[in-house]
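Structure record follows, encoded as C-alpha cells.
The values are calculated or read from the model by the stated rules, or taken from the named source; none is laboratory data. Predicted model, so just to flag it, every value in this text is computed and none were measured. Reconstructed Cβ throughout: ideal geometry from the backbone, glycine too, with neighbour counts over all protein chains shown.
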Amino acid sequence: QVQLVESGGGLVQPGGSLRLSCAASGSIFSINSMAWYRQAPGKQRELVATITNTRNTNYADSVKGRFTISRDNARNTVYLQMNSLKPEDTAVYYCNADLISRAIMLPRNYWGQGTQVTVSS
C-alpha cells in the first residue's frame with residue numbers, strides 16, 4: 001500500500017517561511033514526477049510546483065521566486081521551501097506523485113492527505 005504523508009504546515013506571519021515535506025512509503029518501484037498543489041477555501045485546487053525524476057522544475061507564476069521544490073530520491077521525499085509568504089498563500093497543500101508500485105507495476109497517480117498552511121498576523 002503506497003502512501004504519501006505531508007508534514008510541515010502551520011501558522012506563520014506574512015513574510016515568514018515554512019518548509020513542507022512529503023514522504024512516499026510502501027512498496028515503490030519508481031517515482032516519476034512529484035508535485036505540490038494547494039486549495040484555498042472556496043477555490044479550486046491549483047498546481048503550485050512540479051519536479052521530475054531528473055529534477056526539472058516548474059512553478060505557478062504566483063510563487064515563482066518565493067517557493068522552491070526539491071526532492072530526495074533516496075528517501076522518496078519531496079520538499080517545498082516557501083519564503084516571503086503572503087496571506088493569499090493560505091491553503092491546504094497537497095503532495096502528488098506519479099509512481100509505480102511493486103504490487104501493480106503500472107504508473108498511477110497518488111495524493112497525500114494535505115497539510116494546512118495559514119499566513120496571518
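Can you say whether Ser70 is among the polar types (S, T, N, Q), over 25 Å from Pro41 (Cβ atoms) and at pLDDT 95 or above, as far as the supplied structure shows?
yes
Return yes or no: is Leu18 closer than 13 Å to Leu80 by Cα and either touching a residue at least 24 places away in the same chain (Cβ under 8 Å) or of a type in the set (Val, Ile, Thr) (or both)?
Yes.
Can you name every residue in region 71-121 that is among the basic types (Lys, Arg) and buried (at least 19 other Cβ atoms within 10 Å of the Cβ)?
Matches in region 71-121: Arg71 only.
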